[in-house]
Amino acid sequence: DSGVTQTPKHLITATGQRVTLRCSPRSGDLSVYWYQQSLDQGLQFLIQYYNGEERAKGNILERFSAQQFPDLHSELNLSSLELGDSALYFCASSLPGGPLGNSPLHFGNGTRLTVT
Amino acid sequence: EDQVTQSPEALRLQEGESSSLNCSYTVSGLRGLFWYRQDPGKGPEFLFTLYSAGEEKEKERLKATLTKKESFLHITAPKPEDSATYLCAVRRYNTDKLIFGTGTRLQVFP
């Protein structure tokens, strides 16, 4: 058990809808990352938050947004869903970085999103 | 652009048949190279971090090595429970995110 909790485990929704994925990081971790994993593209970095602030952005669509709350949990919001958004969405967390920090990411078990 | 390429895409081994997985990378300023194991329907599980060329790390039947251009994950006398997808990722200086390869799907048969 990595200590990272994601809910829900599965989500089935229709095109055009909006969903929210939730992530609770490991105790003590300040950074939260969101990744998308599809069969043909592997793990793609979406966005990182550090202690409530956006730290880095990857190939995240404008229809997607995220935030990290004061209690450090994070939510990923996906709107105007399309069939191609069907994928596994993973959240990961890590200890604070900095010049001497190089801690690994610890992943949750993901949310499987199916858009029909 | 940072890039991570893993080979082979898939590998089938007989129990006890040792082999190696390859991870080639191109990154400006490598801060660390990471190996993960991913089981179906689960999130990636951290295995190793390697920081500099020449470094080696071991865990049970797995040994990871690093050169300036690639990393190898050696699997000695594998067992069926080693079957999984093995992912390689890199982190460059001044960032925290990891850039992943597409993985090697390993199947070990008894």
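When residues of segment B:1-46 are filtered for being farther than 15 Å from B:L62 by Cα and in a strand (DSSP E or B), how many remain? Steps first, please.
Applying the first criterion (farther than 15 Å from B:L62 by Cα) to segment B:1-46 yields B:1-12, B:14, B:24-33, B:39-44.
Checking which are in a strand (DSSP E or B) leaves us with B:3-7, B:10-12, B:14, B:24-26, B:30-33.
Residues that pass the stated criteria total 16.
Going through segment A:1-24 one residue at a time, which ones are among the small types (G, A, S) and within 10 Å of chain B (Cβ to nearest Cβ)?
The initial filter retains those residues of segment A:1-24 that are among the small types (G, A, S), namely A:2-3, A:14, A:16, A:24.
Once the filter is applied, which keeps residues that are among the small types (G, A, S) and within 10 Å of chain B (Cβ to nearest Cβ), segment A:1-24 yields only A:S2.
Are any residues in segment A:1-24 buried (at least 20 other Cβ atoms within 10 Å of the Cβ), in contact with a Lys or Arg (Cβ under 9 Å, 6 or more places away or on another chain) and not in a loop (DSSP other than H, G, I, E, B), and if so, which ones?
Across segment A:1-24, the qualifying residue is only A:Q6.
Across segment A:25-50, what is the total count of residues that are facing chain B (nearest Cβ under 8 Å) and in a loop (DSSP other than H, G, I, E, B)?
Total satisfying the criteria: 1.
Which one of the conditions (1) at pLDDT 95 or above; (2) surrounded by 14 or more Cβ atoms within 10 Å (Cβ to Cβ); (3) in contact with a Gly (Cβ under 8 Å, 6 or more places away or on another chain) does A:F69 fail to meet, given that it meets all the rest?
Result: A:F69 passes all but (2).
Please pick out the residue among B:Q38, B:Q14 that is touching a residue at least 12 places away in the same chain (Cβ under 8 Å), closer than 23 Å to A:F90 by Cα and not aromatic (F, W, Y).
Details: B:Q14 fails: closer than 23 Å to A:F90 by Cα.
It is B:Q38.
Which residues, counting only those in segment B:61-110, are acidic (D, E) and in a strand (DSSP E or B)? Steps first, answer last, please.
Pass one, segment B:61-110, residues acidic (D, E): B:70, B:81-82, B:96.
If the condition is that a residue be acidic (D, E) and in a strand (DSSP E or B), then B:E70 is the only one that fits.
Has segment A:69-77 got any residue that is among the acidic types (D, E), within 12 Å of the chain's Cα centre (by Cα) and either assigned to a strand (DSSP E or B) or more than 27 Å from B:L33 (Cβ to Cβ) (or both)? Full working, then the answer.
Of segment A:69-77, the ones among the acidic types (D, E) are A:71, A:75.
Remaining after also requiring within 12 Å of the chain's Cα centre (by Cα): A:75.
Next, only the ones that are either assigned to a strand (DSSP E or B) or more than 27 Å from B:L33 (Cβ to Cβ) (or both) stay: A:75.
Within segment A:69-77, one or more residues are among the acidic types (D, E), within 12 Å of the chain's Cα centre (by Cα) and either assigned to a strand (DSSP E or B) or more than 27 Å from B:L33 (Cβ to Cβ) (or both).
Only one residue in B:L21, B:L33 is within 13 Å of another protein chain (Cβ to nearest Cβ), modelled with pLDDT of 95 or more and more than 24 Å from A:Q6 (Cα to Cα), so which one is that?
Details: B:L21 fails: within 13 Å of another protein chain (Cβ to nearest Cβ).
None of the others qualify; the one that does is B:L33.
Being assigned to a strand (DSSP E or B) and farther than 30 Å from A:R55 by Cα: is that true of B:E58 here?
Working: assigned to a strand (DSSP E or B): yes; farther than 30 Å from A:R55 by Cα: yes.
Considered against the rule, which asks whether it is assigned to a strand (DSSP E or B) and farther than 30 Å from A:R55 by Cα, B:E58 comes out as yes.
Name the single residue that is nearest to A:D40 (Cα to Cα) among those in segment B:3-18 being aliphatic (A, V, I, L, M) and away from every other protein chain (no Cβ under 11 Å).
Step one: filter segment B:3-18 for residues aliphatic (A, V, I, L, M), giving B:4, B:10-11, B:13.
Going one step further and asking which of them are away from every other protein chain (no Cβ under 11 Å), we end up with B:10-11, B:13.
Numbers: B:A10: 14, B:L11: 18, B:L13: 24 Å.
Of everything passing the filter in segment B:3-18, B:A10 is nearest to A:D40 (Cα to Cα).
Sort out which residues of segment B:40-69 are more than 10 Å from chain A (Cβ to nearest Cβ) and closer than 16 Å to B:S83 by Cβ, and write them in order of number. Outline the logic, then answer.
Our first condition is that a residue be more than 10 Å from chain A (Cβ to nearest Cβ); within segment B:40-69, this holds for B:40, B:50, B:52-69.
Passing the criteria: B:P40, B:E60, B:R61, B:L62.
Of everything in segment B:82-108 that's at the interface with chain A (Cβ under 9 Å from one of its Cβ atoms) and among the small types (G, A, S), which residue is surrounded by the fewest Cβ atoms within 10 Å (Cβ to Cβ)?
So, considering only residues that are at the interface with chain A (Cβ under 9 Å from one of its Cβ atoms) and among the small types (G, A, S), the one surrounded by the fewest Cβ atoms within 10 Å (Cβ to Cβ) is B:G101.
The values are calculated or read from the model by the stated rules, or taken from the named source; none is laboratory data. All values reported here derive from a predicted model rather than from experimental measurement. Ideal geometry is used to build each Cβ from the backbone, glycine not excepted, and the neighbour counts take in all protein chains shown.
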